[in-house]
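Step one of this worksheet: look at the structure below.
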Ligand code: PEP
Ligand code: MN
């Protein structure tokens, strides 16, 4: 990491970038309110930091010792003046700011009527972002794969329903992008692009999504360690896209016998990631537990752990849903979750301010 002096000129910054390119590395430039910080992307073991430290306009040059440098707390605190944290803005919605964010909607988009009715319900409940899967990752080829699997036209039509519902009820929209070929189409319609648990390791997808320069909701793989998760998030950040929302959605359960939940909700990941990075951390109790009767308590627990918000699968008639009906709650139940989550968020914030 190279920290420029507050008074560094553009020419001095350009000169540092030129030097970085000389060593075959990429420069990641972040302009803070008070100074510019330049991160190195690539194999920095070849770099003589002492050489960079004496270039004109440079305040200091040093190595960040983690594999996730560009999203690390250390890097971010140089250019995020407000508590060293990133606040992602989508219109009036802020993610990682003072207000918690709630993303809700069906597991899969099934029809225009379904999306519109759910959107109306979740808006009333207090959600700010509408979700709905179009390219669904499924364990079996024999189950419903989402409208995206029917054909390109159906995929685009389903995306247009999401957009229409988002616009009508003044909410941002998010959907999962499962493969590189889907990136352009999805980016045309949504405000946030979701990378699902099964694609956490797909470097090419991470790069293509990163290049769209839209906020990304990035889910932890169910078998990934935290360091691994953050190291792969770096692929998005290295494309000059730091609007990344990291999402804990449960990891594989251990041991024999029944675990009673779909995955194990790793709530300690939330404060750990918050300490390690400057990015907002969201929690998904729906996929973590797989049980509607646990959504309320685990939502409260995730907020107490410091989550910036929640993603919750919601349907006006859960039994009707073609996918994940066992974990869906109704918009009315969502309203109760949001009320409780908001008050816990406030409590956590005020307790932290007193620290
Ligand atoms: C989803 O949110 O639609 C989803 C499939 O979640 P995950 O990738 O966490 O399984
Ligand atoms: Mn689902």
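The values are calculated or read from the model by the stated rules, or taken from the named source; none is laboratory data. If you're wondering where the values come from, they're calculated on a predicted model, not measured in any experiment. Please note: Cβ atoms are built from the backbone with ideal geometry, for glycine as well, and neighbour counts cover all protein chains shown.
Please state which one of 151, 166 is farther than 24 Å from residue 231 by Cβ and free of Cβ contacts under 8 Å to residues at least 12 places away in the same chain.
151
Just the residues that are more than 12 Å from ligand 1 (Cβ to nearest atom) and either on the phi > 0 side of the Ramachandran plot or touching a residue at least 24 places away in the same chain (Cβ under 8 Å) (or both), please, taken from the stretch 129-146.
Those that are more than 12 Å from ligand 1 (Cβ to nearest atom) and either on the phi > 0 side of the Ramachandran plot or touching a residue at least 24 places away in the same chain (Cβ under 8 Å) (or both): 129, 130, 143, 144.
For the stretch 169-264, which strands (runs of 3 or more DSSP E) that fit wholly inside it have 3 or more residues that are surrounded by fewer than 19 Cβ atoms within 10 Å (Cβ to Cβ), without any contact (Cβ under 8 Å) to a residue 12 or more places away in the chain and not assigned by TED's automatic domain parsing to the domain that holds residue 42?
none
Between 303, 328, 298, which is under 23 Å from the mean Cα position of the chain (by Cα) and away from ligand 1 (no atom under 16 Å from the Cβ)?
Only one candidate passes the filter, namely 303.
Which residue, of 310, 322, 334, is within 16 Å of ligand 1 (Cβ to nearest atom), crowded, with 22+ Cβ neighbours inside 10 Å and not in a helix (DSSP H, G or I)?
Going through 310, 322, 334 in turn, just one is within 16 Å of ligand 1 (Cβ to nearest atom), crowded, with 22+ Cβ neighbours inside 10 Å and not in a helix (DSSP H, G or I): 310.
For the list (1) part of a helix (DSSP H, G or I); (2) crowded, with 24+ Cβ neighbours inside 10 Å; (3) more than 14 Å from ligand 1 (Cβ to nearest atom), I need the number of the one condition that residue 286 fails.
The failed condition is (3).
Need the failing condition index for residue 137 against (1) under 29 Å from residue 32 (Cα atoms); (2) at pLDDT below 95, just the number.
It is condition (1) that residue 137 fails.
Tell me whether the stretch 115-128 contains one or more residues that are at pLDDT 95 or above, within 15 Å of the chain's Cα centre (by Cα) and within 16 Å of ligand 1 (Cβ to nearest atom).
Looking through the stretch 115-128, none of the residues is at pLDDT 95 or above, within 15 Å of the chain's Cα centre (by Cα) and within 16 Å of ligand 1 (Cβ to nearest atom).
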